[in-house]
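Have a look at the structure below before the remarks.
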Amino acid sequence: MNSGNNNDLEFWEIQVSLARAAAKLPSPSLAKFHYEILEEIGKPPGLDLIDYFVQLTEIADEEVEEYFRFIGKTKDGRKKEENSDPKKELAKRCAGGDSPSVLKFRQAFVEEFNEPPPEELIGYFLQTVQGAATGRAKSSDRQAHLNLAETIARKPHPTVTTLRAEFKERFGILPSPEITQHFLGKIRQYSQVKDLPDDEYESKVNFAKTVAGGLVSTILQFRKTFEKAYGESPDAEITEIFIRHLSRKKTTSGEN
């Protein structure tokens, strides 16, 4: 990694520490790691950090591919580009129009290219039509997923574990990284407007701040210490509080 100054180096060391801790958690996830780095550093993890995290874990290639599709980039960091073939672009436009049909596509193709479309392109058009129809059918499902995530986020002390369990029970599948990020964002939003925390919640907040002051230095250590104290894993919000105060401690010590 090329560090331009001590501040860059310090941020890199914090990210490496987070990567090591996240890699030791049960079922490490690129989506969760992406969120932790985004919340801590204020920007998504870079390619060097992603590569380092993947090397530390046994994450399947399929999950890595899905992650890069999720962030809209290729593995070398370039943004994914749409196919520039003008004939395929026309097929896409026709497939996404009102009441798409092969006849309409053929007419549009002849008008633009002065020749009928080849069979291969007609097949591509039909596949695109099917995909567009499936996407429209799933749009209502996506809204239902978002609604459930928001409902759970409003409950007292919501957790990703609760989200996954209720999601599995309601829809028969686990929430996507997009839904999970939406859920965590709603937790932060609702926590900013809720009433003063109860005694138990305030105790957990103080606990997170205290151990971040020097008793523990990784998320894994924090989870184990928290579980010993409260008999349960810390939720996303409490973990965020720990990470924020851990970062402040490192920043402060670095300035001395």
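The values are calculated or read from the model by the stated rules, or taken from the named source; none is laboratory data. Since we're looking at a predicted model, the values are computed, not measured. Every residue, glycine among them, receives a Cβ derived from its backbone with ideal geometry; neighbour counts consider all protein chains shown. Ligands, DNA and RNA are stripped out before the accessible areas are found, and what is left, the full protein with its side chains, is counted by its heavy atoms. Shrake-Rupley method; radii C 1.70, N 1.55, O 1.52, S 1.80 Å.
What pairs come out if I take residues in the stretch 32-47 that are over 17 Å from residue 59 (Cα atoms) and pair them with residues that are assigned to a helix (DSSP H, G or I) and open to solvent by 30 Å² or more (accessible area, probe 1.4 Å) whose C-beta lies under 7 Å away, six or more apart or interchain?
Correct list of pairs: 41/11; 44/38; 44/71.
Taking helices (runs of 4 or more DSSP H) that do not extend beyond the stretch 161-256, which have at least 3 residues that are of a type in the set (Val, Ile, Thr) and either open to solvent by less than 20 Å² (accessible area, probe 1.4 Å) or at pLDDT 80 or above (or both)?
Result: 177-193, 199-212, 236-255.
Are any residues in the stretch 145-160 surrounded by 12 or more Cβ atoms within 10 Å (Cβ to Cβ), not in a loop (DSSP other than H, G, I, E, B) and not charged (D, E, K, R), and if so, which ones?
145, 146, 148, 149, 151, 152, 153, 160
Tell me, yes or no, whether the stretch 64-86 has at least one residue that is modelled with pLDDT of 75 or more, surrounded by 12 or more Cβ atoms within 10 Å (Cβ to Cβ) and of a type in the set (Lys, Arg).
There is no residue in the stretch 64-86 that is modelled with pLDDT of 75 or more, surrounded by 12 or more Cβ atoms within 10 Å (Cβ to Cβ) and of a type in the set (Lys, Arg).
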